[in-house]
Amino acid sequence: MTSRQRAAIKEKVARSDIKFIQLWFTDVLGFLKGFALPVNELDRALSTGMSFDGSSVEGFARIEESDMVARPDPATFAVLPWEPNGQKVARMFCDVHTTAGKPFEGDPRFVLKRNLEKARALGFEFFVGPELEYFYFRNARETEPLDSAGYFDLAVLDNSQAVRHQTISALEHVGIVVEYSHHEVSASQHEIDLRYSSALQMADNVMTAKTLVKEVAQRQGLHATFMPKPVTGINGSGMHTHMSLFRRGRNAFFEERQEMHLSKLARAFVAGVLRHAPELTLVTNQWVNSYKRLTPGFEAPVYVCWAQMNRSALIRVPAYQPGKESSVRVEYRAPDPACNPYLAFSVLLAAGLRGIEQSYRLPDKASDNIYRLTPEELEKACIGTLPGDLAEAIRLAKQSDLVKETLGEQVFDFLIRNKQLEWDEYRTRVTDYEVKRYLPML
């Protein structure tokens, strides 16, 4: 951090009468962590960073190598939209370093920055735009919906609209641009779409947005959840992610004379994501519950294929609008909002770049509703599937050189171990379903 950047942050703090600074970072599983500083400690934090115990953070370090340093990123300074006890609070995201001054390889933000540097070495900037879906409930113990509204319903049917609007105001307060929001398909389900931006900024924005959604809901006596599938029999929550590469300020996915205006480079990118999609799914869909959403019939992708308008495909190419070359993009529909965005964006980028570097051929696009195809028709069309459960996702990820290289050995090893423990705990637990179904008859 330069002396000019430090001076600019201190001037903002003084001008806004900030009393506390929260330093934020993310653990490997995607949970937001941090600690607060009184404003008189700001200069030290900006100059040398702040030490903390890394052994207390999931996936960071063993006890014998626990000391870490959080170094604030001045570009992420924002004043939070609430004032505890009338005192203004600001936040900055941090890069985690070792005490030797080197970036910590277990920091998900560093994982994304490292992969973005690989893209820059090839001349690309990676841009993403996620659609965050979530549910409102009365509390964290029951899933009774707050409304009976459906897709795009307004006003009378959607009594959570006011809370969603308060959330958007909070997001705008911290500088996050929202394109639009609406009620989703399921009762009590909502969506907020964030304005397309560079991948690192967007990963920070996703973490901030999830925090603000929950905070605003709690202040209104509600519980917001990004659980992928909280209710049986209805649609779960996804995080459809729009992606494109820019080169020298121009959209490298756009080509005037190509079908759908999708460039040869974009086609290779899509081919890379498709080919590696099954092994990436542990990162984009990391929880046991994630695979309750990834089932046919609930608008979640299962089959590994691409299309233009077909929303049952894993990758969709949104329609081109004349004069909007910069908006040509592809939409990856598998991720759910409970993923770690730093790691999810990393593996999607890496798979796409692999496709470009090795000139992968894009298979023919799907035209039918894939859910209606028979197994024989799917096999004939060479359409594979995403993992059916967490165990299969773990197996495929463990075999993936791409995932290991992208995440780095430390994050990769921790993620595999942690997810295996989660699966073992889940598969050995007797559920209410089993008791109700089998106890009377067996």
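At-a-glance table
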{"quantity": "Checking Y332 against (1) farther than 20 Å from A199 by Cα; (2) at pLDDT 90 or above, the condition it does not meet", "calculated": "(1)"}
{"quantity": "Filter result for V57 (surrounded by 19 or more Cβ atoms within 10 Å (Cβ to Cβ), touching a Lys or Arg at 6+ places or on another chain (Cβ under 7 Å) and within 19 Å of F414 (Cβ to Cβ))", "calculated": "yes"}
{"quantity": "Residue satisfying all of: in the stretch 158-202; touching a Gly at 6+ places or on another chain (Cβ under 9 Å), in a loop (DSSP other than H, G, I, E, B) and at pLDDT 90 or above; farthest from A224 (Cα to Cα) among these", "calculated": "Y196"}
{"quantity": "Every residue from the stretch 205-221 that is more than 23 Å from L314 (Cβ to Cβ) and buried (at least 19 other Cβ atoms within 10 Å of the Cβ)", "calculated": "N205, M207, T208, A209, K210, L212, V213, V216, A217"}
{"quantity": "Hits in the stretch 89-117 (condition: charged (D, E, K, R) and surrounded by fewer than 17 Cβ atoms within 10 Å (Cβ to Cβ))", "calculated": "K102, E105, R114, E117"}
{"quantity": "Hey, R109 touching a helix residue (DSSP H, G or I) at 6+ places or on another chain (Cβ under 9 Å), closer than 23 Å to S346 by Cα, at pLDDT 95 or above and charged (D, E, K, R) or not", "calculated": "yes"}
{"quantity": "Pairs, first basic (K, R) in the stretch 250-272, second at pLDDT 90 or above, C-beta under 7 Å, six or more apart", "calculated": "R267/L362"}
{"quantity": "Among the residues listed as E331, E357, E377, E299, the single one being more than 30 Å from Y426 (Cα to Cα) and surrounded by 15 or more Cβ atoms within 10 Å (Cβ to Cβ)", "calculated": "E331"}
{"quantity": "Residue among E191, E172, E179 that is under 21 Å from W287 (Cα atoms) and of a type outside the set (S, T, Y)", "calculated": "E191"}
{"quantity": "Subset of the stretch 348-397 [farther than 24 Å from M243 by Cα, within 27 Å of the chain's Cα centre (by Cα) and among the basic types (K, R)]", "calculated": "R395"}
{"quantity": "Among (1) under 30 Å from R247 (Cβ atoms); (2) modelled with pLDDT of 95 or more; (3) assigned to a strand (DSSP E or B), the one test that V206 misses", "calculated": "(3)"}
{"quantity": "Hits in the stretch 396-430 - residues which are among the polar types (S, T, N, Q) and either assigned to a helix (DSSP H, G or I) or touching a helix residue (DSSP H, G or I) at 6+ places or on another chain (Cβ under 6 Å) (or both)", "calculated": "S400, T406, Q410, N418, Q420"}
{"quantity": "Those residues of the stretch 219-242 which are farther than 18 Å from A338 by Cβ and touching a strand residue (DSSP E or B) at 6+ places or on another chain (Cβ under 8 Å), in sequence order", "calculated": "L222, H242"}
{"quantity": "Answer residue from the stretch 118-151, given it is touching a Phe, Trp or Tyr at 6+ places or on another chain (Cβ under 8 Å) and hydroxyl-bearing (S, T, Y) and is surrounded by the fewest Cβ atoms within 10 Å (Cβ to Cβ) among those", "calculated": "T143"}
{"quantity": "Residue identified as of a type in the set (S, T, Y), assigned by TED's automatic domain parsing to the domain that holds R293 and either assigned to a helix (DSSP H, G or I) or closer than 23 Å to N115 by Cα (or both) among S312, S326", "calculated": "S326"}
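The values are calculated or read from the model by the stated rules, or taken from the named source; none is laboratory data. What you are looking at is a predicted structure, and each value in this text was computed from that prediction instead of being measured. Note: ideal-geometry Cβ built from the backbone for every residue, glycine included; neighbour counts use all protein chains shown.
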